[in-house]
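Enquirer: Sharing a structure, written as structure tokens. Questions coming.
The values are calculated or read from the model by the stated rules, or taken from the named source; none is laboratory data. Fair warning: this is a prediction, and the values are worked out from it, not measured in the lab. Every residue, glycine among them, receives a Cβ derived from its backbone with ideal geometry; neighbour counts consider all protein chains shown. Quick note on the areas: whole protein, heavy atoms, side chains included, nothing else; ligands and nucleic acids left out. Shrake-Rupley method; radii C 1.70, N 1.55, O 1.52, S 1.80 Å.
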Amino acid sequence: MLDSVKVMLPIDGARISPVLDAARTFVLVSAGSGGVVTRQEAHITDEDLVTKARRIAGLGAEVLICGAI
């Protein structure tokens, strides 16, 4: 059983971004059985998707939720 999981959400205003490659603002949420433990905003402006993916992984994201990848 997991104690917590780190979930990355690309955001566009107040919603999950529908397209990952256009997203520039992300929220990294660490959530456990009791709810959200931490919330951190990150700005990732890399145009190259491979570099963007490396930056997301480097921030510790274990799960990525997006409208389309």
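Enquirer: Find the eigenvalues of the gyration tensor of the Cα atoms of the chain, then list the square roots of 5 times those eigenvalues as equivalent ellipsoid semi-axes, largest first, in whole angstrom. Before the final figure, lay out the partial values.
Expert: Details: eigenvalues 87, 34, 20 Å².
That gives 21, 13, 10 Å for the three semi-axes.
Enquirer: Can you order the peptides 37-49, 55-67 by their average number of other Cβ atoms within 10 Å per residue, highest first?
Expert: On the way: 37-49: 11.4, 55-67: 14.2.
Highest-to-lowest ranking by the protection proxy: 55-67, 37-49.
Enquirer: Further question: Please state the charge dipole magnitude for segment 19-67, taken about the Cα centre, from unit charges on C-beta atoms (+1 on K and R, -1 on D and E), reported in debye and rounded to the nearest 20.
Expert: On the way: 5 positive and 6 negative charges, 27 e Å.
Here segment 19-67 has a charge dipole of around 120 debye.
Enquirer: Quantify, in whole percent, the carbon and sulfur part of the accessible surface of the chain (1.4 Å probe; protein heavy atoms only). Please report the intermediate quantities before stating the final value.
Expert: On the way: 2530 of 4520 Å².
With neighbouring chains kept in place, the figure for the chain is 56 percent.
Enquirer: Using θ = phi - 60° and the Karplus relation 6.51 cos²θ - 1.76 cosθ + 1.60, list the HN-Hα couplings for segment 27-36 in order, rounded to whole Hz, with x at every Gly or Pro.
Expert: For segment 27-36, the Karplus-derived couplings read 10, 9, 10, 9, 10, x, 5, x, x, 6 Hz, x marking Gly and Pro.
Enquirer: May I pose another question? Taking only protein heavy atoms into account and a 1.4 Å probe, give the accessible area per residue of the chain in Å².
Expert: Heavy-atom accessible area per residue stands at 65 Å².
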